[in-house]
Structure formats: C-alpha cells, structure tokens
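The values are calculated or read from the model by the stated rules, or taken from the named source; none is laboratory data. Everything numeric in this text was worked out from a predicted model, so none of it was measured. Neighbour counts run over all protein chains shown; Cβ positions are idealised from the backbone, glycine included. For accessibility, only protein heavy atoms count, side chains too; no ligands or nucleic acids. Shrake-Rupley method; radii C 1.70, N 1.55, O 1.52, S 1.80 Å.
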Amino acid sequence: MSQYIPVLFMLAVAGAISVGMVLASELLGPKFKFREKMEPFECGEVQASSSKQRFSIRFYLVAMMFIIFDIEAVFLFPWAVTFQALGVFGFIEMMIFILILAAGLIYIWKKGVLDWE
Amino acid sequence: MIGVVDLIEVLVKIGFIVVLLVGVFAPVLTWVERKQSAVMQDRIGANRADVFGFRIIGLLHAAADAIKLIFKEDFIPRGADRTLHTLAPIMALIPAILAFSVIPFGGTYTFGDREVNLVIANLDVGVLFVFAITSLATYGVFIAGWSSNNNWALLGGLRASAQMFSYEVTMGLTIIGLVMFYQSLSMVEIVAKQDIFWHWGIIWHWPAFILFLACAVAENKRIPFDAPEAESELVAGYFTEYSGLKFVMFWTAEFIEIVTISALCVVLFFGGHHIPFIADAKLIDCFSSLGANIANLVAMVIGVTVFVSKLAIIIFLQMTIRWTMPRFRYDQIMKLGWKMILPLSLIWIFVVGLGMLTNLIPRI
C-alpha cells in the first residue's frame, strides 16, 4: 500500500488549495447584502418557480445505463491486461459477454431510451 | 514505509506538478483561450492590462483577473444550501488536481545509487485511478447545480451529470484496446513500452485516439459539448450563482482537466516523454562524457521538456476545437455518446482482439 502514500500527500495539497481558496473568498471579499440582491438569478425577474422541482425521468435512465455499462467496462479492464495470456479462448468468452451487453444496448435503443425530444 | 529522502522527493514532485498546474497552466490557459479566439477571429484581443506601460502580449490579464476575482464578494443566494454551495467547488477542484498524481511526466533516472522515477505515485492501476478520480468531479458539478436554488443552475447540473455519466463509460471502453496492446494499467509501464517509436499508441490505435479525445472533451464539458453551461440558454449553467474565488475554482478545475486530458493523450498515445527513435538509454549515452549524474540530469530536463511540449500541442488542439466548432444540441450529444461512440468502441475492442490473435497487430 506504500505506493498510495504520495497520493495521500497530493490529496492533502489539493485539499489545502481548495479550502484555502474558499476561506480567502470568505475573508477578503466585501460583504454588502440586501434583500433584492440575494434573490437567485433569473434574468432580472423575480424567481418564477422553485428550483426544487421535478425533472425528466431520462436523467435517471441515463444514470441506470451508466451503472450497467460502467460495470461492463470494469470487467473488461482486467481481461484486457491478461488478454495475450488468455489467447483465443478468452477472446471468444469476452466477445460473448460483450454481445450479451450489446443486445441490451440494442434493446434500450429500440425502446427509445436513448432518444431525447 | 518511506524514508526522509523519499519524502523529500515526493514533496518536490508534488510541488512541481501543483505549481505547473495551478500556477502556470491554469492562468496561462485563460489567456490562451482569449488570445487564440482573438487571433482566430482576426481581432487584436486581450492586450489592455499593463504594468508601467509593459503589456507583454496581454499575459498580465491573467494576473489582473486573479486580483480582481480574489476581492469579489462571495455570493450565496437566498434559499440556497450554504454547506453544499461551499462544498461543491472544493469537490470539483480536488479531483482535478488529484488525477495528475499518477501521470508520469518523465522517465526513470539514476543519480548515484538512487533511482528517481518522475511520477508522483506509480500505481499498478494508474489508468483506472484516473478514471475513478475524474468521475468524482461529477459530484461537485451536480451539487453546485442542486444547491444554488436556481433553475438555470439545476438544469445545468442535470445536463452535466447525465453527459458526464454517458461519456465516462465510453471513455473507459475506448482505452480497452490500448490496455490489450500494452498488457498493463500502470502509466509508467505503458510509457516505458513506448520507447520504440512503432509502439506508440497513435500508430496502431489512432481510431481509439479520435474516440478518446471526443469523449474526453465531452467529459470536460467543453465546446462542442458545452450544453451544461450553454450561456445563451442557461446563463452559465451549474455555476450561475458562483462568484469570486469559488467561480475561479470551477474554472481552474476545467483548465486543469484540459491539461489532464492532454497528459492522458500524451502518455497513452504519444509516447510520454520519449523522443521518436531515441530511447532513454541512448539519450543518456549522448551526454555520458559529462559524467553519469549530469548525463541523467540533462536527459531528465530534456524528457520533461519534451513531455510539456507534447502537452502544449494537444492543449492547442483542444483550444482550436473550442473556437472552431458550434455547440451541439443536447440530444445530439447523447446520441453521439450512446449510439455512435459506444458501439464503435466495442467494435474497436473486437478489431484489436482479432488483429492481435492473427498477429496483424504486433505483440509487445
């Protein structure tokens, strides 16, 4: 695990920079508040509707497809590293796996999940 | 664990990378973006800021911007979630800097009996690490959009998260063929295997490079894929309600990600720090009359310079794309990701596998 120690240092440096910038903006900037200024920006109008509202189901569908296909990618990475050792057998096995997922892709394609109107 | 000398070495490398990213690339790229647009649109462009009459082709604008933005008011709108609103830029900036910790910016050099490897952390799963860390940036963007209590910000955040999810998958899949070729996920090992020019990723995997670059630009939400921050429809998208240094943090993250994408392209496709046809050992040999340590030092400086030059070329390519292309509609972006690049990258895995089994693509 010792190879991850420098990553922790990097994380600490990145964290210090980020928190430092937030603190600086908190401390150095002027503070001048009044009611009209604190309104959320809506092109100069009073906010017409709350931003905590419903949004299209498609965004959820994208997130679900992401999980399926990202797990596929995660399966592919270790296979790709050992690809040359596995030879023809491993290749055919993985192509069957990809074909099954491709069938899934074609299914959601035909169902219209990928169409945005 | 690690000794004192190791610690100093790590800190020097981290210092170099952080200064290069936050201190050099991020401010200079803000200038490049304006100056290049001016040149491409036949304007004179950013050249007003001056110190005692010295304008230095507008480079001082970066400093002027920084000073201006540091002293801006930190604005949080009414009804916004104050904690998340403050947390979002931190969560956007940290992954951007952190992803750079596994990217080798030079080779391995020996000084006395000490080996110096120019990478902050030589992880065995370097490629996966970069993908894992960059995907965390989605949280920062979405939380920014959600916590602002602003309709534009919410829409921008939603678009950004869906787009980043989509292209993350495809970005991973475009690299698989390359991993099959190099049989490794370690960035250092991938670079080491490119010391022969004919083993550079771009020679055998140029279709993957095109797909990868498209995915990477989309992942970074740059034009032509900038629907999440489309200023003509969403004001500024997910960071509409951000001002001052918090706004700078989102921009710094975006510019650092441009550098990270370029670094990934250089490491995976363009041989890292290698000069074509000149292997590391040969380069060190050229200067061996100066003594082993000096020869290594010279080779190191040359290696880092070559790496940064390649980086600059790919950054220039991305900037040129940014000022050449019009913005895609959101449905076109999703269509491109799921219906074109995803099937194409799966087909490319098949082609590479077939090519390597029939020895049309060499095994290394």
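As a length-normalised measure over Cα pairs under 8 Å and 6 or more apart, the relative contact order of chain B settles at 21 percent. Which values of log₁₀ I(q)/I(0), to two decimal places, follow from the Debye formula for region B:240-331 at q = 0.11, 0.18, 0.21 Å⁻¹ with a uniform point scatterer at every Cα? Rounded to two decimals, the profile gives -0.51, -0.90, -1.03. With N counted as the residues of region A:2-111, its alpha-carbon radius of gyration over 2.2 N^0.38 Å works out to 1.90. Over every Cα atom in the protein assembly as shown, the radius of gyration and the widest Cα-Cα span, Dmax, amount to 23.5, 75 Å. For region A:21-117, chymotrypsin sites (Phe, Trp or Tyr not before Pro) meeting the loop criterion (DSSP other than H, G, I, E, B) and having at most 14 other Cβ atoms within 10 Å: A:F32, A:F34, A:F55. Measuring how big region A:4-52 is from its alpha-carbon positions, Rg and Dmax come out at 18.3, 51 Å.
Looking only at other chains, what is the average number of their beta-carbon atoms within 10 angstrom of each beta-carbon in A:65-78? Could you put the intermediate results ahead of the total?
Working: counts 6, 10, 2, 1, 10, 7, 1, 4, 12, 4, 0, 8, 10, 4.
That works out to 6 on average.
A dipole drawn for region B:77-357 from +1 and -1 charges on Cβ atoms has a positive end, and of B:S186, B:G156, B:M319 the residue lying farthest that way is B:G156.
At a 1.4 Å probe radius, which order do B:W31, B:W323 fall into by accessible area, largest first?
Details: B:W31 40, B:W323 80 Å².
I get B:W323, B:W31, largest accessible area first.
Rolling a 1.4 Å probe across the protein heavy atoms gives chain B an accessible surface of 39 Å² per residue.
Can you give the alpha-carbon Rg of region B:1-107 over 2.2 N^0.38 Å, where N counts its residues? The partial results should precede the final answer.
Working: Rg = 18.9 Å, N = 107, 2.2 N^0.38 = 13.0 Å.
Cα-based Rg divided by the globular estimate yields 1.45.
Translational D (Stokes-Einstein, µm²/s) of chain B at 10 °C and 1.306 mPa s when Rh comes from the Kirkwood sum over C-alpha pairs?
Values: Rh = 21.9 Å.
The calculation lands on 72 µm²/s.
B:T252 contributes an accessible area of around 20 Å² to the protein surface, as traced by a 1.4 Å probe with all chains present. Element breakdown for chain B at a 1.4 angstrom probe: carbon and sulfur atoms account for 71% of the accessible area. What residues does region B:335-349 have that are buried by at least 50 Å² of accessible area in the full protein assembly compared to the chain on its own, 1.4 angstrom probe? Those are B:W338, B:K339, B:L346, which lose 50 Å² or more relative to the chain on its own.
For peptide B:181-193, compute the average count of partner chain beta-carbon atoms within 10 Å of each residue's beta-carbon. Please report the intermediate quantities before stating the final value.
Details: counts 3, 2, 6, 2, 4, 1, 0, 0, 0, 0, 0, 0, 0.
The mean count of partner-chain Cβ atoms within 10 Å per residue comes to 1.
Extending 7 Å from Cα along the Cβ direction at B:I44 and again at A:F55 yields two label points whose distance is 4.4 nm.
If R0 is 22 Å, the Cβ-Cβ spacing of B:I364 and B:S309 corresponds to a FRET efficiency of close to 0.30.
From the protein chains alone at 1.4 Å, what is the descending order of accessible area for A:V19, B:V130, largest first?
Working: A:V19 70, B:V130 0 Å².
Putting A:V19, B:V130 in descending order of accessible area: A:V19, B:V130.
Given axes a ≥ b ≥ c from the Cα gyration tensor, I'd like to know whether region A:43-84 is rounded (a/c under 1.5), prolate (a/b larger than b/c) or oblate. Since a/c reaches 1.5 and a/b is larger than b/c, the shape of region A:43-84 is classed as prolate. Computed over chain B with a Gaussian network model linking Cα atoms closer than 10 Å, the most mobile of B:G237, B:G23, B:G201 is B:G23.
Please give, to one decimal in nm, the separation of the simple spin-label points placed at A:E26 and B:I210, each 7 Å out from Cα toward the Cβ. Roughly 5.0 nm, to one decimal.
Less than 9 Å Cβ to Cβ from B:D74, Lys/Arg counted +1 and Asp/Glu -1: what total charge do the surrounding residues give? Provide the component values of the computation, followed by the final result.
Values: positive: A:K31, B:K72, B:K246; negative: A:E26, B:E73.
Residues near B:D74 contribute +1 overall.
Counting only lysines at least 8 places from B:K72 when in the same chain, those with an alpha carbon closer than 30 Å to its own are A:K31, A:K33, A:K37, A:K52, B:K35, B:K221, B:K246. Projecting the Cα atoms of B:N296, B:I364, B:Y139 onto the charge dipole of chain B, computed from C-beta unit charges around the Cα centre, puts B:Y139 farthest toward the positive end.
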